[in-house]
Amino acid sequence: MALLIDTAVVPARERLDFWSESSCSSYHPVQIRHAAGEEFWARMWGYELGPLSIFRIAAASNTMIRTSRAIAAGDPECVHVEVILCGQVNAAQGWRTGVARAGDILSYETSEPALVRADRPFASIVIRIPRELLGTQAQEICNLTAVRISGSDRLPRATVTFLCTLVRGLEAGVVPRHDPSNLAGGAVGLVQALYAARRGVHEPERLRSRAEILLSVESFIEANLGDPDLAPEQIARASFISTRYLHRLFESEGTSVCRWIRTSRLERCRRDLGDPALAHHTIVAIARRWGLRGPEQFSRLFRVEYGCSASEFRREAHSAAQTD
């Protein structure tokens, strides 16, 4: 398999942005967040197999956010089916949540907002399947994204074994790209069977785990960052938890609800300010777009967060883009 992205080629302080920006061309547009104070690293290998794209990813803890704006910027209209090789990956899409560990399977569709989070280093295999290849079953599968499929059951275990063997063959160069054996068809068929087996299956009622609740909360916040009146009470009510429990969730993460919202908004503003395509938008307009109404407060928060003014950041970012 070809090494598509390796953050080791850039200085440590640039690795998060490098990963996010490189993913836009190799994968699809996403936003990446990583805990401050921890060194970020990531690698992605990729291969084309007929109509499918197959990736192997190894990375430090991070949160991948697929926003409505990212979807508008580029949507391959695919379903990503992910086999967890090590670590733990949490996903949220359409109010569904799943927490998958080594040997389990998760998925998400690229045409709807999604949040995928790993709290520690992980490795996974991702197979990207165009929706059209899933035929009449496409919507049914999309209705089950972000739901964990246990690798302990027979069919999921066979699917994991097939995909891992396929990746080893691609890495060894023994599987040709033009796929004369129609291995791509076999992979799609397994995925279809995997989700068909869940048709009519009613999961027993259970309490949501802390990780699943946190995923739902973060997903709701990301979808409503542009609302300047977004507040803990509203978030708690939409997530069916108490405001007190909401605060406890974020305290256990070493932050607060309001700080998490503020950091997310500033990050969106930073990315928009660095985008040459948005150069005609004023700084104030961009700040308001992400729920930050007070120009003076925004200027102060931006300088504290990034060590320079918003106008300085924009000027340097655009100058660097022109140089490249």
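Values in this text are rule-based calculations from the coordinates and carry no lab data. Treat the numbers as computed from the prediction; the structure is a model and nothing was measured. Cβ coordinates were reconstructed from backbone atoms using ideal geometry, including for glycine residues, and neighbour counts include every protein chain displayed.
Structural remarks
- Loop-resident sites, the range 215-324, for chymotrypsin sites (Phe, Trp or Tyr not before Pro), counting at most 15 other Cβ within 10 Å (DSSP): PHE240
- Peptides 136-145, 95-104 ordered by average Cβ neighbours within 10 Å, highest first: 95-104, 136-145
- Net +/- balance of residues flanking LEU85 in space, Cβ distance below 11 Å, scoring K and R +1, D and E -1: 0
- Projected label points at ARG244 and ALA231, each 7 Å from Cα along the beta carbon direction, are separated by 2.0 nanometres.
- Environment charge at PHE162 (Cβ cut-off 13 Å; Lys +1, Arg +1, Asp -1, Glu -1): +3
- Loop-located GluC sites (Glu not before Pro) in the range 243-324 (DSSP state not H, G, I, E or B) with no more than 15 neighbouring Cβ atoms inside 10 Å: GLU253.
- Checking every one of the GluC sites (Glu not before Pro) in the range 23-118 against DSSP loop status and a limit of 13 other Cβ atoms within 10 Å picks out GLU38, GLU39, GLU77.
- Volume per residue of the convex hull around the Cα atoms, evaluated for the range 121-202, comes out as 123 Å³.
- A simple spin-label model places the labels of ASP6 and ASP275 3.1 nm from each other, with each point 7 Å out along Cα-to-Cβ.
- Given R0 = 25 Å, the distance between the Cβ atoms of GLU140 and SER25 translates into a calculated FRET efficiency of 0.20.
- Put the Cα centre of the range 269-295 next to the Cα centre of the range 78-129 and the gap is 31 Å.
- Note on percent of Cα pairs over 34 Å apart: of the candidates [x] 21; [y] 32; [z] 26, the value calculated from this structure sits at [z].
- In the chain, a dipole from Cβ-located charges (positive for Lys and Arg, negative for Asp and Glu) runs towards its positive end, and of ASN224, SER22, ALA70 it is ASN224 whose Cα lies farthest in that direction.
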